[in-house]
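Heads up, the thing below is written out as structure tokens.
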Amino acid sequence: MKFQLSSLEEYQTAYAESVSHPENFWNAIAEHFQWRTKWNRTLEWNFNAPDVQWFIGGKLNITENCLDRHLAAKGDQTALIWEANDPNEISKTYTYSQLLREVSRMANVLKKMGVQKGDRVCIYMPMIPELSFAVLACARIGAIHSVVFAGFSAASVADRINDSQCAFVLTSDGMYRGAKQIPVKAVVDEALATCPSVQKALVVNRLNWPVVMATPRDVWYHEALDGVDDFCEAEVMDSEDPLFILYTSGSTGKPKGVVHTCGGYMVYAGYSFANVFQYRANEIFWCTADIGWVTGHSYILYGPLLNGATTMMFEGVPTWPDPGRFWQVIDKHHVNLFYTAPTAIRSLMAAGIDHVLPYNLHSLRVLGSVGEPINEEAWHWYHTHIGKGRCEVVDTWWQTETGGIMISALAGITPSKPAHAGLPLPGIQPILVDAEGHEILGNEVEGYLCMRFPWPSILRTTYGDHERCRINYFSTYANLYFTGDGARRDSDGLYRIIGRVDDVINVSGHRFGTAEIENAINQNKKVIESAVVGYPHDIKGQGIYAYIILADATQGSDETRDEIIETVCEQIGRIAKPDKIQFVSGLPKTRSGKIMRRILRKVAEGELHALGDTTTLLDPLVVEEIKAGAL
Ligand code: PRX
């Protein structure tokens, strides 16, 4: 079985084989990696438990596959390019040999601190090279990394640390973000006040800031490096040992820790990268995501490195010093494959073509989109003005839980149609079902998107709460993995993702549960109750609309709005800030006390005359008040 497919016929053959003989198919793909011991059974699965295991009995270390394996042929090839926030700061590059050395040194520091195989390590760091070293160093020694996006608040960091009982935190003094300098260690300090499991914190010096170091807990990275070895032997891991935990929001409760394991994740991250982007030797791949999200895990680090690619990480933001920054970086580093989010495309589109024209974008060959539906206008702008009409565009649909890209065009091979993710990758078996779970056959149909067969990088559990994993993904429809998305299948069988059908909203490609934001809002002492819904937002895809009941209705001022926003920033982080806050005296509830979110969504969408049946409401007058006050 060819690892990288190169024609539509090859795709069709591979896809057919992956469905008719999935074990043979994945055996052949997994052979392309380096195993210390080969697996003895390919797959055991049961979606009702759920219990999924791949490459059973196999032994490996993913970093040997990302780094050591390439040394003979590519030791001096650039593995990682780091572009700083400030265009005037010199970028850094690391060859495969140098990256292995850096990862080994960080791994040896972690060992010196007492980190052992199976320990959970929270990484709360900005996009600096040490973040990449840290992730890979954990994998090197078999520690389970739990990367927390550096925009989350102290309360969020603490929740995540406590949920997985991390004993170690890796962080930095502060971070650059556009024109701003933002504290990072101080956030960790605040979090650690409520995290008794943490024994040690390792701090990277990025800004030369004076920070408070608690001894003996806190250690400077540059000091800890003193005297450590340049090589660290890789820990031999079982295929099904956890590789990482990554927290993501669901429709209920606090964010859950999605668990991925070593063998299956490796195989699928490597396979999907090679095929979707059609990476060719010596090309430069740039994924603009933050390593704090799954996109950064799979397509800044693991996927590209597993393929011996040159991958770039960027510390800055798309709009600073001006909205031409992405295009300037592509020009500067001759980027060939560029992978970003629709929100970024829409905001740069709004900034105008004058920010694009000064730069030479001839190096580009493939453009990718991820994280949220891309509207046709943005797709065409991307294709025309960035790709100059000659680049392949891949709209990649997947989730934190899937570990890798599931439905997408394979660049130049399978069809790419604006606003459509396209066909499933080999090994991926999507199915559309109706509300009762009956399969919707044929084309030009719409339904709930599920998967009927496991793929190697399907989540294995949600950390510490397997039942939650079962209920969330495997209980809605018997024997199916439920994605939470609605989708359409067009006349050619291409999938178009419509969006979430649960109480999850996707703001600029970031997932939040409405309940999670409501809980945050309700922490404000002036608030009695709240209800949050998403509404269409030109740039962010979805905006956050909050209906709030105050204890004292006379306090419904802009000042109170600001205070509530501040509460959300403290509880979750700036990324979850409500865009609109409407103060109300009541919420539309049924007689059984359930909020009718359908009505709130319609009002937030501005569809005041299409509210449907409101007769079952306890107090229909509330709806009139809400309509009258709509923002
Ligand atoms: O609703 C889908 C949307 O993002 C959700 C997954 O979010 P997250 O786990 O944070 O992962 C984001 C990056 C993989 C999905 O359930 N989504 C992701 N990619 C697309 C998308 N919606 C439409 N088109 C996409 N290409």
How much length is gained on full extension from residue 117 to residue 21, taking 0.36 nm per residue of separation minus their Cα-Cα distance?
31.1 nm
Rank by packing, highest mean first: peptides 328-335, 101-108, with packing defined as the count of other Cβ atoms within 10 Å averaged across residues.
101-108, 328-335
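Would you please put 130-139, 264-273, 622-631, 237-246 in order of how densely packed they are, using the mean number of other Cβ atoms within 10 angstrom per residue and starting with the highest? Each step should come with its number before you reach the end.
Working: 130-139: 26.8, 264-273: 29.0, 622-631: 15.0, 237-246: 23.7.
Those peptides, ordered most packed to least, come out 264-273, 130-139, 237-246, 622-631.
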Average Cα contact separation per residue, the chain, under 8 Å, 6 or more apart, as relative contact order %
12 percent
Hey, which lysines would be in cross-link range of residue 627, C-alpha to C-alpha under 17 Å, not counting anything within fewer than 8 residues on its own chain?
580, 589, 602
Just to confirm my numbers, what's the Cα centroid distance between the stretch 154-212 and the stretch 328-372 in Å?
32 Å
FRET E, pair residue 605, residue 220, Förster distance 51 Å, beta-carbon r, rounded to 0.05
0.50
First measure r as the distance between the Cβ atoms of residue 49 and residue 452, then evaluate 1/(1 + (r/R0)^6) with R0 = 25 Å and state the FRET efficiency to the nearest 0.05.
0.95
Segment residue 434-residue 12, length gained on full extension (0.36 nm per residue, minus Cα span):
149.2 nm
Amide H contacts under 5 Å for residue 95, restricted to residues at least 5 apart in sequence or on another chain and with H modeled in the peptide plane, are 79
Which of the lysines could a cross-linker bridge to residue 92, judged by Cα under 20 Å and excluding same-chain residues fewer than eight apart?
74, 332
Label-point separation, residue 490 to residue 165 (7 Å along Cα→Cβ), nm:
5.0 nm
For Cα pairs less than 8 Å apart in space and 6+ apart in sequence, what is the mean separation divided by the residue count of the stretch 60-204, i.e. the relative contact order in percent?
21 percent
For the stretch 413-419, 3J(HN,Hα) per residue [Karplus equation, 6.51 cos²θ - 1.76 cosθ + 1.60, θ = phi - 60°, Hz, x = Gly/Pro]
10, 9, x, 10, 10, x, 6
HN-Hα J in Hz across the stretch 195-204 - Karplus 6.51, -1.76, 1.60, θ = phi - 60°, x for Gly and Pro:
10, x, 6, 7, 9, 9, 10, 9, 10, 8
Kindly state, to the nearest 0.05, the FRET efficiency for residue 359 paired with residue 465, given R0 = 35 Å and r defined as their beta-carbon distance.
0.15
Placed amide H near residue 243: partners under 5 Å, 5+ positions off or other chain:
260, 261, 262
Estimated vicinal HN-Hα couplings, Hz - the stretch 79-88 in sequence order (Karplus 6.51, -1.76, 1.60; Gly, Pro = x)
9, 10, 10, 10, 10, 6, 4, 8, x, 8
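In percent, what relative contact order does the stretch 508-628 have, based on Cα pairs under 8 Å that are 6 or more apart in sequence?
23 percent
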With n ≥ 4 as the cut-off for DSSP H runs, can you work out [θ] at 222 nm for the chain, using -39500 (n - 2.57) per run divided by the number of residues, rounded to the nearest 500?
-8000 deg cm²/dmol
In nm, spacing of pseudo-spin labels at residue 563 and residue 182 (7 Å Cα→C-beta vector)
2.6 nm
Using the Kyte-Doolittle scale, find the helices of the chain whose mean hydropathy is at least -0.5 and whose Cα atoms extend 15 Å or more along the helix's long axis, counting only whole DSSP H runs.
96-113, 129-141, 154-164, 262-277
Isolated Cys residues of the chain, judged by Cβ distance under 4.7 Å to other cysteines:
66, 138, 195, 232, 262, 287, 391, 450, 469, 569
Assuming 0.890 mPa s and 25 °C, estimate D for the stretch 508-628 with Stokes-Einstein, Rh taken as the Kirkwood radius over Cα pairs, in µm²/s.
167 µm²/s
Those trypsin sites (Lys or Arg not before Pro) in the stretch 1-62 that DSSP places in a loop and that have at most 16 other beta carbons within 10 Å:
2, 36, 38
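If neighbour count is taken as other Cβ atoms inside 10 Å, put 262, 569 in order from fewest to most. Write out the running numbers ahead of the final one.
Working: 262 24, 569 17.
The order, fewest Cβ neighbours first, is 569, 262.
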Straight-line reach from residue 185: which lysines have a Cα under 16 Å away, not including same-chain ones fewer than 8 places off?
200
If you look at just the Cα atoms of the stretch 168-313, how large are its Rg and its Dmax in Å?
18.1, 49
What is the packing order of peptides 357-370, 586-599, taking the mean over residues of other C-beta atoms within 10 Å and listing the highest first?
357-370, 586-599
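Values quoted throughout were computed directly from the atomic coordinates according to the rules given, and no laboratory measurement underlies them. Just so you know, these numbers come straight off a predicted model, no measurement behind them. Heads up, the Cβs are rebuilt from the backbone with ideal geometry, glycines too, and the neighbour counts pull from every protein chain shown.
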